[in-house]
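Trainee: Quick one: the structure is below, questions incoming.
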Amino acid sequence: MNAMKMDAKRSICSVKMIIIIVALVFTLIFSSWDMIRASKKDILAYGVIDMLGTALMMDKFKVLMVMFTAGIYTAGFCYDFKHHYIRMILARTDLISYSISKFIVNTVAVVFACIASFYVFLVVAVGFLGANLTQIKTVPCYYQIGYKFPVLYIGMMGLQFGMVCAMSCAVGMLFSVFQPNTFVCIGISGMVFFSAISYIPLGSIFDVYNLISMQPTLPAGQETLQGIMFLWGMLYPVCVILICTYLFYRRMKWREQNGLL
């Protein structure tokens, strides 16, 4: 718990978190600007959910958003290693606690940044840009929640996208223990996300593109129960994060045995 408190202070409770949330909000606004402008001119009526859905499905800035979230704490080990803090930290805790703490806090920080940025975008879009909250053209999988509880649905979108971002960042953090370079591990996170949405076959249960688009990925398709689909959307990234945590610990143990810490 002490290790997690330390990591939380360095990531979640930091000025960097606020800066990255602001950067994510500006990216969402930029991605949705054409839709916002069309709504303001009464050409077409787009809702906030439509704007976020389009940003997650169609916009090329998704990779940039993942790299923003990776900048929160994915390079935590790089910082500890570069500034020689790692030995002092491991004098007070063990490798298992260190590894688990790093990945849990990184996941929480990334998910929090995504959810917070989605809700800040909601406030900005409705309050300042005149977007419509209740106007929803399509909510593919979670249609009942989208129509009845649009604010809750936006949180679900942020949580789902955040978990996928955290999964990508977990791979970047795993890479950092092999090559402690901040820019490389952040770039790896973006590359993993881009590869996942580009090359994992559409329609498979591991289809990341449909997952962040709030589309069903299980074999039953639209007949899949909403709760089961959303549960899979959480379990899939969690499994990848757990694997990365274990491999990170094994590499850390190897570094300790070979005097590379």
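The values are calculated or read from the model by the stated rules, or taken from the named source; none is laboratory data. Model, not experiment: these values are computed from the prediction. Cβ sites come from the backbone with ideal geometry, for glycine too, and all protein chains shown count toward neighbours. Note: accessible area is taken over every heavy atom of the protein model, side chains too, but ligands, DNA and RNA are not part of it. Shrake-Rupley method; radii C 1.70, N 1.55, O 1.52, S 1.80 Å.
Trainee: At 0.36 nm per residue, and after removing the present C-alpha to C-alpha distance, how many nm does the segment from Cys239 to Leu64 gain when stretched out fully?
Mentor: That pair, Cys239 and Leu64, stretches by 60.6 nm at full extension.
Trainee: Which FRET efficiency value, to the nearest 0.05, is calculated for Ala91 and Trp232 with the Förster distance at 51 angstrom and r the Cβ-Cβ distance? If you can, show how the numbers build up before the last one.
Mentor: On the way: r = 41 Å, r/R0 = 0.81.
After rounding to 0.05, the efficiency reads 0.80.
Trainee: Still on this structure: If I fit a long axis through the Cα atoms of helix 226-257 and take the longest principal axis of the Cα atoms of the chain, what angle between them do I get, 0 to 90°, rounded to 10?
Mentor: Result, in degrees: 20.
Trainee: Would you compute, for the Cα atoms of region 15-155, the largest minus smallest coordinate along each principal axis and list the three values in descending order, in whole Å?
Mentor: Largest to smallest, the principal-axis extents are 62, 28, 24 Å.
Trainee: Apply the Karplus curve 6.51 cos²θ - 1.76 cosθ + 1.60, θ = phi - 60°, to the phi angles in region 110-125 and return the couplings in whole Hz, x for Gly and Pro.
Mentor: 5, 5, 4, 4, 5, 5, 4, 5, 5, 6, 5, 4, 4, 5, 5, 5
Trainee: Could you tell me the accessible area of Leu242 in Å² (1.4 Å probe, neighbours in place), rounded to the nearest ten?
Mentor: Counting only protein heavy atoms, the figure is 110 Å².
Trainee: Rounded to the nearest 500 deg cm²/dmol, what is the calculated helix-only ellipticity per residue at 222 nm for the chain, with -39500 (n - 2.57) per DSSP H run of length n ≥ 4?
Mentor: Only helices count here, giving -24000 deg cm²/dmol.
Trainee: If N is the number of residues in region 106-261, what value comes out of its Cα radius of gyration divided by 2.2 N^0.38 Å?
Mentor: So the Cα radius of gyration is 1.20 times the expected 2.2 N^0.38 Å.
Trainee: Using a Förster radius of 30 Å, what is the FRET efficiency between Val15 and Met57 based on their Cβ-Cβ separation? Nearest 0.05, please. Each step should come with its number before you reach the end.
Mentor: On the way: r = 32 Å, r/R0 = 1.06.
With a Förster radius of 30 Å, E is 0.40.
Trainee: Right, here's the next one. Using 24 Å as the Cα-Cα cut-off, could you pick out the over-long pairs in Lys16/Lys102; Lys60/Lys102; Lys62/Lys137; Lys5/Lys62; Lys62/Lys253; Lys82/Lys102?
Mentor: Lys60/Lys102; Lys5/Lys62; Lys62/Lys253
Trainee: About its Cα centre, how strong a charge dipole does the chain have in debye, to the nearest 20, once Lys and Arg get +1 and Asp and Glu get -1 at the Cβ?
Mentor: Once rounded to the nearest 20, the dipole reads 700 debye.
Trainee: Let me have the relative contact order for the chain, percent, based on Cα pairs under 8 Å that are six or more residues apart.
Mentor: 24 percent.
Trainee: If you line up the Cα atoms of the chain on their principal axes, what length do they span on each, largest first, in Å?
Mentor: Computed over the chain, the largest-to-smallest principal extents equal 65, 40, 30 Å.
Trainee: Let me ask another. Once amide H atoms are placed 1.01 Å from N in the peptide plane, what residues at a sequence separation of 5 or more from Gly47, or on another chain, have their amide H within under 5 Å of its amide H?
Mentor: For Gly47, the qualifying residues are Lys137.
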